[in-house]
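Below is one structure, written out as structure tokens; the observations come after it.
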Amino acid sequence: MAGIFTTEPEDEQANSETVEKISAFKLGKLPISCLARELRLKENDVLIAIDGKEIDIEPSGFADLAADAELNNAPLLLTIVRDGMIYDVLVSYDLGVKLDYCEPAEAKAAQDLLKGHDIGAKQEYRNYEALRNIHRHVVLYDTEYSSLATMCPPVWLLQHRAWEPLAAVMAAYGASFVVHWLAFVATFMLLGFYFHRIQFRLIRNYSLFTEHYFWFVLAARSSLEAQTVLRKVDPKAIFDFSHVGPPIISDKQPSKRLAA
């Protein structure tokens with residue numbers, strides 16, 4: 001009996017030492033202006049992996065790593081844990097927030113989530129931005145440059161259901177065509193150049209116009225993967241082109257209206 005009782009503290013000490021070896025950083029208080037705030041990260045979020053690998057640097061070394069990423073135009077893929085949920089986000093430069101080591105138990109819980117988290121090749125990821133209104137309708141868009149916005153703005157606007165800008169563009173095309181075909185060509189080229197420069201700002205501003213506000217930023221390999229994460233964050237999130245089915249309105253069944 002004595003032997004049994006003397007080995008338990010040793011096992012607990014060994015487990016404690018194992019936990020303490022896990023590197024996980026916790027985000028401190030976010031300044032008013034910083035990349036972390038723009039990416040909708042929060043104070044006490046846990047950074048558990050960088051580029052799909054466990055962290056092997058000191059908290060103070062992250063700024064140097066981010067500086068190299070900015071210099072080489074090679075964004076870092078950060079894996080974040082928040083309230084028992086895990087997701088990824090791409091960053092192009094320093095988060096602008098202080099990082100500290102997590103408590104051992106919190107780091108262990110984050111690592112357990114990481115073991116079940118599928119992380120692919122970094123080049124397959126791109127950031128998605130999600131804006132949500134009070135009815136939990138979500139506008140989700142890929143922040144990668146879209147050649148369609150430059151080559152054919154009306155189709156791109158139709159894809160994003162930006163009805164008012166679409167009407168304005170079609171009116172400009174129509175008016176210029178009535179004046180002269182050369183005026184139409186000039187208008188088409190100028191609008192293409194304009195959309196090339198401001199395509200994502202246009203979608204953000206239009207979403208704000210329709211009372212959708214910044215909600216979440218995440219890195220994913222497809223809109224399906226992005227919607228899957230967002231549905232975990234908000235089970236009642238509604239997507240126009242849903243890959244994850246209708247939201248759960250009650251514990252029993254999804255809404256028939258939303259399913260339609």
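Kindly indicate whether residue 81 is of a type in the set (Val, Ile, Thr), out of contact with any Gly (no Cβ under 9 Å at 6 or more places or on another chain), under 15 Å from residue 26 (Cα atoms) and surrounded by 20 or more Cβ atoms within 10 Å (Cβ to Cβ). First the steps, then the outcome.
Details: of a type in the set (Val, Ile, Thr): yes; out of contact with any Gly (no Cβ under 9 Å at 6 or more places or on another chain): yes; under 15 Å from residue 26 (Cα atoms): yes; surrounded by 20 or more Cβ atoms within 10 Å (Cβ to Cβ): yes.
In short, yes.
Restricting region 9-34 to residues that are at pLDDT 90 or above and over 14 Å from residue 45 (Cα atoms), the residue that is most open to solvent (accessible area, probe 1.4 Å) is 32.
The values are calculated or read from the model by the stated rules, or taken from the named source; none is laboratory data. The model shown is predicted, which means the values in this text are computed figures rather than measured ones. Glycine also receives a Cβ, built like all others from the backbone with ideal geometry; neighbour counts cover every protein chain displayed. Just so you know, the surface numbers come from the protein's heavy atoms only, side chains and all, with ligands and any DNA or RNA stripped out. Shrake-Rupley method; radii C 1.70, N 1.55, O 1.52, S 1.80 Å.
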